[in-house]
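S.K.: Got a structure for you, questions after.
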Amino acid sequence: MSALVIVLVLLPLVGATVCGVLVKGGRDATARSAGFAVSLVELVLVAVIWGLFDPSAPTRFQGESSVEWIPAFGVSFALGLDGIALAMIALLAVLVPIVIAYTSFTRAAERFPDGPDGEPRGAGGFVALMLSLQGVLVALFAATDVFVFYVMFEVMLVPMYFIIGRFGGARRQYAAVKFFLYSFLGGLIMLGSVIGIYVASGTRLGAATFDWAELQRLAAQLPESTQIFLFLGFFAAFAIKAPLVPLHTWLPDAGAQAPIGGGVILVGVLDKVGVFGFLRYCLPLFPLASQTLAPLVLVLSVIGVLYGALLAAMQTDMKRFVSYTSIAHFGFIGLGIFAFSQQSVAGSALYMVNHGISTAMLFLVVGMLAARGGSTQIADYGGVGKIAPVLAGLFLVAGLTTLSLPGTNSFVSEFLVLLGSWPREPVYTVIATVGIIFAALYVLWVYQRTMTGPLRGEAVVGGGPGAATARALAGGPGFSDTVDTDPPDATRRARFGDLSGREIGVLAPLVLLIFLLGFFPQPVLDVINPAVSATMSEVGVADPVGPNGVAR
Amino acid sequence: MGSQSFSDALGVDYGALAPLLIVLGGACVSVLLEAVLPRVRRRSVQLVFSLAVVVVALAAVIIRATSGAGDVVVLAGSLSVDAPGLFLWGTLLALAVPSVLMLADRSVEPGGVFVADPEALAEAQERVGAGSLRSTSSGLPSGTGTDTHGVVGRRGGAGPEPTTPPEMHTEIFPFVLFALGGMLAFSAANDLLTMFVALEVLSLPLYLLCGLARRRRLLSQEAAVKYFLLGAFASAFFLYGVALLYGYAGSVRLADIAASAAGPLRSDALLFAGLALLVVGLMFKASVGPFHTWTPDVYQGAPTPVTAFMAACTKVAAFGAILRVFTVAFGTTALEWRGVLWAVAIASMVIGTVLGITQTDLKRMVAYSSVAHAGFILIGCLAITPAGLSGTLFYLLAYGFTTIAILGLVSLVRSGDGEAGHLSGYAGLAQRSPVVAAALSFCLLALAGVPLTSGFTAKFAVFSAGLADGMAPLVIVGLVCSAIAAFFYLRVIVLMYFSDPAPDGPTVSLPGPMTTVAITLGVAVTLLLGVLPTAALEWAGAGTFLG
């Protein structure tokens, strides 16, 4: 299995190189197909590893391997999987082929900015960058050496920077630089703590090391004051990445300017590195500081839930809207992690997977809509359900999983988070629950404005030859919001139709997962739970929830 | 080594001294070659000879380092050949190889940077069809690097008969070899007087080299004058410091100063006043802020290959000397003076970073970045521990190669009248020349300290040493400055990749084999030290200074 884990890291990187060479050779279509094939092989590999993974194994990590890298710093290139890491890698492996398929085989690539020759940039370069990002992210999740984790944490910025900067929207330069600088600053603050814990291990363990297990053992010896400083360094990086509220401003820009496929991976997986970092690094390595500073994180999380929801409701741009819903969801995940109960932490870990799926779905549907109408403004759409019923239906599915309707995947995780947080943190739980109502508000409002009612909006009926008539028909004070009937022949003038078979094919696996995990989350929970229990025991907090699920 | 008997110390250990003797001897021979060779053959012979000297010296260093020969103090205690010294020598000589290649290159611009007479060259090129190029015997003055009025004189003397201009100023080769010899001696000097002599030997040729650009001469000469005047001041400070320290310790030997400081109680005023003045001189050479004011002007004005040589090698030599002085002479009193140098390090990092943001010329930006990096390196120097020593040495090696690669790449991007220094010239470079843009981006990311580049490994080594030695505030300032500095490195990458090129923008010269080799070497080492730094780290940590 350890060999498989190494292959899991190397395969996308090799695939990225091959794609890059093909693109350079001018064979864009071949590059896209090759990249898609590589991502499918990666998915199969992950499935095999998932099958081999033994939830009842006594060790913290499985499939471990370690190669000495920089002995002078005590660094080994060490990989190993626990349940949470495996779940994240699986999520990534599911999303990457979907993103590549969407970008390569649908109309999505038409939205890419023009290259130097005046033609839109080919998707081959995007595929190559995406695969390299996947390789780096797999290594990041699988790293059991803090130095390797840090290196991957910084390196993953480079492909994402180019994905946003080369393939993004109109303000892509600004968004790419903002994204890079925010993350890089966080990373450097974390570097301070990484060096700090390295030095501390040198003085307390005899030999300075970066081995995660060794450093976890060190946690028992570190005084709380030291832990708090080191915790804050890691926390700053993860809070920017996650993002928690005062540090979130880069996400709406990056999310809105990234190409749809980039946005899926950015918000769906890359941001999860922040919460993954809380679970894997902040809690086990600095247990005392985690407990002391938990109120800080809880406050930020709950603010995130409400603030994200409110701003999401106020957005006029659909991609920014998706980004803000994510900020609200990350608030829930933060709440679950720092409520320190088996249920809430497991809920958060599950939420990380589910949110990835929900956001991907929402982003892709928005992308398909935008590819038709040529705009991401909510106000440019109206009554789309009349001309594109499948698109509208899938938009509704995406919306419902975002607002955590029972029966969809997100409900299970959100419920677990709230249930598990209640015994220890009732106040925060109650406030966060209000966020659910807001979620219903912002999702349904957007759905109503874009999908229901009569056909209207520049992107739907305007812009073309009949634009002037459309405006004349729609104009006047009693504008169509109140009128429940279409203007005459609006359907004929509509500028686009429903989803193509390929687009439905791209979304189908996500819809399947949404309902599958909504009704049968147990397979994922089984994989996650051992890692959650281990984390709980490393933090050293008694679980407030009894074995029968009732608060003690 | 106070206990070493005098006769032992007088015996010359030629094995240990070989690299230094080869380089200085080579420099003398090079001067002779300049005198006896016909002009047309000078360039090729001088180039091959200089390269051979550097490579043989490098081989001698490697042989010495791998032979397991112990650390020795040679020439009556004036030079110390020890493990860090050998690492510094190796670094200097390794950096000299690409530097010499870039200096000799003539492909990037017609006739090379040091073409003796660009106007005559241009005329000759126009006349290429008229007749074969033959060597000239017009009585041009040669061997005088300061011949700044050459064009006027020659124009008068050329007369009606058209003559072919000489190829280039080949004096640069002996200059480089002398400067290199001075650097080798500077970083190995075991007493302050030797250090001063070495300082002058390395500085004077550099002053001349700075002023030798034949295009944009005023800028180049201004840089040389500025460098010379400020350098002279710095030398004076250094010498005054040496005098005060001699007054304190009764010796200029580094180990004797340490022994005096540890000895019976006496006033420390002379010791610390001497140290302060000494430090001013040393920091000037290393372009540590606030003693950096010459750096941007000289970096911008000097011919780019000279800038590369200066930026990489001078920094190594100067920090080598700083390390040795701090460790050997002042290691015992570190607690008392370190606070002041904290302020210097912070000033350097902040000045370099903040002023770097405001620059619009890439060479000036690299200059300010070097000031910021000097602050980072100083953190390693201030940690007077084995980890600090090895981290600093590694940093110097990594930084040198990255800088050479960057300046090599900068020299390729040209607009009509010379290098396109202004940042706007880099807009859309990735579309014109993807390889140059990719290499430059990689080197800039290395300067920013992104992992998997040598810049990160080096920063990690230095910062971890600093933190382990109780310098957490300095390290935090360093990290914050790194984050801010990332902005201006990133700005260049943004310009190159995401902006559209200007229609009348600069062109990218196709580099000749020599510049290509130099840049490739720099980029390859930057990558190698980022991914597999173990061997270099082990060599850097192989030993400590010999007092």
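Every number here is computed from the coordinates shown, using simple stated rules; none is lab data. Because the structure is predicted, anything quoted here is derived from the model rather than measured. Glycine also receives a Cβ, built like all others from the backbone with ideal geometry; neighbour counts cover every protein chain displayed.
S.K.: What distance in nm separates the two pseudo spin-label positions at B:Ala35 and A:Val434, each 7 Å out from Cα along the beta-carbon direction?
M.R.: Distance between the two pseudo-spin positions: 9.2 nm.
S.K.: Put a dot 7 Å past each Cα toward the Cβ at A:Leu516 and B:Ala273; how far apart are the dots in nm?
M.R.: 8.2 nm
S.K.: Go through B:Leu527, B:Ala485, B:Ala398 and say which Cα lies farthest out towards the positive end of the charge dipole of the range B:398-547; charges sit on Cβ, +1 for Lys and Arg, -1 for Asp and Glu.
M.R.: Of B:Leu527, B:Ala485, B:Ala398, it is B:Leu527.
S.K.: To the nearest 500 deg cm²/dmol, what mean residue ellipticity at 222 nm is calculated for chain B from DSSP H runs of n ≥ 4 alone, each contributing -39,500 (n - 2.57), summed and divided by the residues?
M.R.: Working: 23 runs with 374 residues, N = 547.
Rounded to the nearest 500, the figure is -22500 deg cm²/dmol.
S.K.: Return the Cα extents of the range A:1-108 along principal axes one, two and three, sorted largest first, each rounded to a whole Å.
M.R.: Its Cα atoms span 48, 35, 18 Å along the three principal axes.
S.K.: What is the gain in length, in nm to one decimal, between A:Ala3 and A:Phe229 on full extension, counting 0.36 nm per residue of separation less the C-alpha to C-alpha distance? It would help to have the intermediate numbers written out before the result.
M.R.: On the way: separation 226, 0.36 × 226 = 81.36 nm, distance 3.71 nm.
The A:Ala3-A:Phe229 span can extend by a further 77.6 nm.
S.K.: Between A:Trp69 and residues 5 or more places away or on another chain, which pairs have amide H atoms under 5 Å apart, with H built 1.01 Å from N, and which residues are they?
M.R.: A:Val75, A:Ser76, A:Phe77
S.K.: If you don't mind, another one. Could you pull out the trypsin sites (Lys or Arg not before Pro) across the range B:236-313 that fall in loop regions by DSSP (anything but H, G, I, E, B) with no more than 14 other Cβ atoms inside 10 Å? Don't skip to the answer; put the middle values down first.
M.R.: Values: sites: B:Arg253, B:Arg266, B:Lys285; in loops: B:Arg266.
Passing both the DSSP loop test and the Cβ count: B:Arg266.
S.K.: Another question about this same structure. With all distinct Cα pairs included, what does the Kirkwood hydrodynamic radius of chain A come out to in Å, to one decimal, could you say?
M.R.: Values: mean 1/r = 0.0420 Å⁻¹.
It is 23.8 Å.
S.K.: In a shell of Cβ-Cβ distance under 13 Å around A:Ala220, excluding A:Ala220 itself, what net charge do Lys and Arg (+1) and Asp and Glu (-1) give?
M.R.: On the way: positive: A:Arg204, A:Arg217; negative: A:Glu214, A:Glu224, A:Glu538.
Overall, the nearby charge balance is -1.
S.K.: Helix B:269-285: angle to the longest alpha-carbon principal axis of chain B, degrees 0 to 90, nearest 10?
M.R.: 20 degrees
S.K.: Specify the angular offset, from 0 to 90 degrees and rounded to the nearest 10, of the alpha carbon long axis of helix B:513-531 from the longest principal axis of the alpha carbons in chain B.
M.R.: 30 degrees
S.K.: Would you mind checking the pairs A:Lys24/A:Lys319; B:Lys285/B:Lys363; B:Lys226/B:Lys459 and listing those with alpha carbons more than 28 angstrom apart? Don't skip to the end; give the middle numbers.
M.R.: On the way: A:Lys24/A:Lys319 31 Å; B:Lys285/B:Lys363 18 Å; B:Lys226/B:Lys459 31 Å.
Beyond 28 Å between Cα atoms: A:Lys24/A:Lys319; B:Lys226/B:Lys459.
S.K.: At 20 Å minimum axial length over the Cα atoms and a Kyte-Doolittle cut of 0.5, report the qualifying DSSP H helices in chain A, or say none.
M.R.: On the way: long enough: A:2-24 (34 Å, 2.39); A:28-52 (36 Å, 1.48); A:83-105 (33 Å, 2.38); A:123-142 (28 Å, 2.04); A:172-205 (47 Å, 1.04); A:224-241 (25 Å, 1.29); A:287-314 (39 Å, 1.84); A:318-338 (30 Å, 0.95); A:342-373 (46 Å, 0.93); A:426-451 (38 Å, 1.36); A:501-519 (27 Å, 1.94); A:522-539 (25 Å, 0.62).
The answer, listed by residue number, is A:2-24, A:28-52, A:83-105, A:123-142, A:172-205, A:224-241, A:287-314, A:318-338, A:342-373, A:426-451, A:501-519, A:522-539.
S.K.: DSSP loop (so not H, G, I, E, B), at most 11 other Cβ within 10 Å: list which trypsin sites (Lys or Arg not before Pro) in the range A:1-78 pass both filters.
M.R.: Values: sites: A:Lys24, A:Arg27, A:Arg32, A:Arg60; in loops: A:Arg27, A:Arg60.
Counting only loop positions with at most 11 other Cβ atoms within 10 Å, none of the trypsin sites (Lys or Arg not before Pro) in the range A:1-78 qualifies.
S.K.: Something else about it: Applying the Karplus parametrisation 6.51 cos²θ - 1.76 cosθ + 1.60 with θ = phi - 60° to the phi angles of the range B:205-218, what ³J(HN,Hα) value in whole Hz is obtained for each residue in order, glycine and proline being reported as x?
M.R.: Listing the rounded values in order: x, 5, 4, 5, 4, 4, x, 8, 4, 9, 10, 6, 5, 4 Hz.
S.K.: From the backbone phi of the range B:191-202, what are the Karplus-calculated ³J(HN,Hα) couplings (6.51 cos²θ - 1.76 cosθ + 1.60, θ = phi - 60°) in whole Hz, Gly and Pro given as x?
M.R.: Each residue of the range B:191-202 in turn: 9, 6, 5, 4, 4, 5, 4, 4, 4, 5, 5, 7 Hz.
S.K.: Turning to a different aspect of this structure: Label A:Leu441 and B:Arg266 with points 7 Å out from Cα along Cα→Cβ: what is the distance between them in nm?
M.R.: Reported label-point gap for A:Leu441 and B:Arg266 is 8.1 nm.
S.K.: Grab the beta carbon distance between B:Thr507 and B:Ala236, set R0 = 60 Å, and tell me the FRET efficiency rounded to 0.05. Don't skip to the answer; put the middle values down first.
M.R.: Numbers: r = 45 Å, r/R0 = 0.75.
It comes out at approximately 0.85.
S.K.: What does the charge count around A:Phe77 come to, taking other residues whose C-beta lies under 15 Å from its C-beta (Lys +1, Arg +1, Asp -1, Glu -1)?
M.R.: Values: positive: none; negative: A:Glu64, A:Glu68, A:Asp145, A:Asp211.
Net local charge, A:Phe77 excluded: -4.
S.K.: Would you grab the residues whose amide H sits under 5 Å from the one on A:Asp317? Only those 5+ places off in sequence or on another chain, please, with H modelled 1.01 Å from N.
M.R.: A:Ile378
S.K.: Which net charge results when you count Lys and Arg as +1 and Asp and Glu as -1 among the other residues whose beta-carbon is under 15 Å from that of A:Leu91?
M.R.: Working: positive: A:Lys272; negative: A:Glu42, A:Asp82, A:Asp271.
Neighbourhood net charge equals -2.
S.K.: In deg cm²/dmol and to the nearest 500, what is the mean residue ellipticity at 222 nm of chain A if only DSSP H runs of at least 4 residues count, each as -39500 (n - 2.57), divided by the residue total? It would help to have the intermediate numbers written out before the result.
M.R.: On the way: 24 runs with 382 residues, N = 552.
Value at 222 nm, helices only, nearest 500: -23000 deg cm²/dmol.
S.K.: May I pose another question? With angles folded into 0 to 90 degrees, how steeply does helix B:472-498 sit against the dominant principal axis of chain B? Use alpha carbons for both and round to 10.
M.R.: 10 degrees
S.K.: Step through the residues of the range B:301-310 one at a time and calculate ³J(HN,Hα) from phi using the Karplus curve (6.51 cos²θ - 1.76 cosθ + 1.60, θ = phi - 60°), rounding each to whole Hz and writing x for Gly and Pro.
M.R.: After applying 6.51 cos²θ - 1.76 cosθ + 1.60, I find x, 5, x, 4, x, 5, 4, 4, 4, 5 Hz.
S.K.: Can you find, among B:Gly250, A:Phe278, B:Thr516, the residue sitting farthest towards the positive end of the charge dipole of the protein assembly as shown, where Lys and Arg contribute +1 and Asp and Glu -1 at Cβ?
M.R.: Toward the positive end, the furthest listed residue is B:Thr516.
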